[in-house]
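Presented below is the structure to which this report refers.
The values are calculated or read from the model by the stated rules, or taken from the named source; none is laboratory data. Every value quoted in this text rests on a predicted model; they were computed, and no experiment measured them. Virtual Cβ from ideal backbone geometry, glycine too; neighbours counted across all protein chains shown. Side chains are part of the model used for accessible areas, which takes the heavy atoms of the whole protein and leaves out ligands, DNA and RNA. Shrake-Rupley method; radii C 1.70, N 1.55, O 1.52, S 1.80 Å.
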Amino acid sequence: MIITTGDHETPGTVQRARELAKLSNQPYVSRSRTALPKLAERYGDADILVILELGVRLHRTGQEPMVFHPSMAFVRAKRLLKGEGDAMLEAARVMPGDTVIDATAGLGSDAMVFSFAVGEKGRVVALEDSLPLWALLYEGLQRYTSRILPFNEALRRIEARQMHHLEALRAMPDDSVDIVYFDPMFRDPIAESSSLSPLRSFANSNRLDAEAVKEACRVARKSVVLKEQKSSGEFDRLGFTPCTRAHSKIAYGVISLDSNSKT
């Protein structure tokens, strides 16, 4: 992956690009008004992260660029402010002050809702295996600004880590977090989610491993939650109890831990 700036370089965007390049151990390349396809050809890398004055954009040769945006997380946060419920939070039984591991963060939409819900005393760690997606998420969480201050603060509090979830969970102590959440990439895309199709080329498409669920149950105190398609069969395969919703193709499966002894 190459990290650069927009056409019009500024001291601020250059500094941010250099800092992210150092953090991710990826090369920073001065844009110098060079077209992105030429940069990709020159450096032999199809993935380019572009730091902009007001945001960040991820390019891959031959695909539509991806721009960091909270998507439905912003709408869900506004609903929470109005006192409305959220199916994911209810399934996980999230409380203010909880510690949550979003093990398959992607672009972080669910992590944002978790962070908004757990508040200043809570903690959300967003794990993303894909380096380009992690870089887009990391920079976006630091820079995206909405008109709702508590939502902005929730984004800034998220700890985005570039790491596979199984490796991360293995390194965590027993009973060290409240909730572990999995939202793996659906193997059969839902038509309504076609706008997220560029994400599929970057994300890890492997099905969730039973060992990861076992490690999550060791690490979590309260619950492990899986978001999946109702008809996928993953809840039965991995031992989750589904919480289905009418008129939705998506369900949340739960393994409750705080009322059961761990083995």
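Take the stretch 108-135 and flag every residue that is out of contact with any helix residue (DSSP H, G or I) (no Cβ under 6 Å at 6 or more places or on another chain) and closer than 28 Å to Asp45 by Cβ.
The answer is Ala111, Asp129, Leu131, Trp134.
Looking only at the stretch 19-34, filter to residues that are open to solvent by 80 Å² or more (accessible area, probe 1.4 Å) and in a helix (DSSP H, G or I); which one of those is nearest to Glu9 (Cα to Cα)?
Glu19
Can you tell me how many residues in the stretch 158-199 are open to solvent by 40 Å² or more (accessible area, probe 1.4 Å), at pLDDT below 60 and of a type outside the set (A, V, I, L, M)?
The total comes to 8.
Within the stretch 79-133, which residues are among the β-branched types (Val, Ile, Thr) and in contact with a strand residue (DSSP E or B) (Cβ under 9 Å, 6 or more places away or on another chain)?
Val94, Thr99, Val100, Ile101, Thr104, Val118, Val124, Val125
Report yes if some residue within the stretch 68-82 is farther than 24 Å from Glu228 by Cβ and of a type in the set (D, E, K, R); otherwise report no.
yes
With respect to Arg31, determine if the residue is under 30 Å from Phe116 (Cβ atoms), in contact with a helix residue (DSSP H, G or I) (Cβ under 8 Å, 6 or more places away or on another chain) and among the basic types (Lys, Arg).
It is false that Arg31 is under 30 Å from Phe116 (Cβ atoms), in contact with a helix residue (DSSP H, G or I) (Cβ under 8 Å, 6 or more places away or on another chain) and among the basic types (Lys, Arg).
Enumerate the pairs (first residue in the stretch 18-46 and at positive phi; second residue anywhere and in a loop (DSSP other than H, G, I, E, B)) with beta-carbon separation below 7 Å, excluding pairs fewer than 6 apart on the same chain, so at least 6 apart or on different chains.
Listed pairs, sorted by first residue: Arg33/Asp7.
Cβ-Cβ below 9 Å, separation at least six or inter-chain, first residue in the stretch 224-250 and of a type in the set (Asp, Glu) and open to solvent by 90 Å² or more (accessible area, probe 1.4 Å), second in a strand (DSSP E or B) and modelled with pLDDT of 85 or more: which pairs?
These pairs meet every condition: Asp236/Pro242.
Okay, residues lined up against (1) at pLDDT 90 or above; (2) among the hydrophobic types (A, V, I, L, M, F, W, C):
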| site | (1), (2) |
| --- | --- |
| Ala203 | no, yes |
| Val213 | yes, yes |
| Leu226 | yes, yes |
| Gln229 | no, no |
| Ser232 | no, no |
| Thr244 | no, no |
| Gly253 | yes, no |
| Ser256 | yes, no |
| Asn260 | no, no |
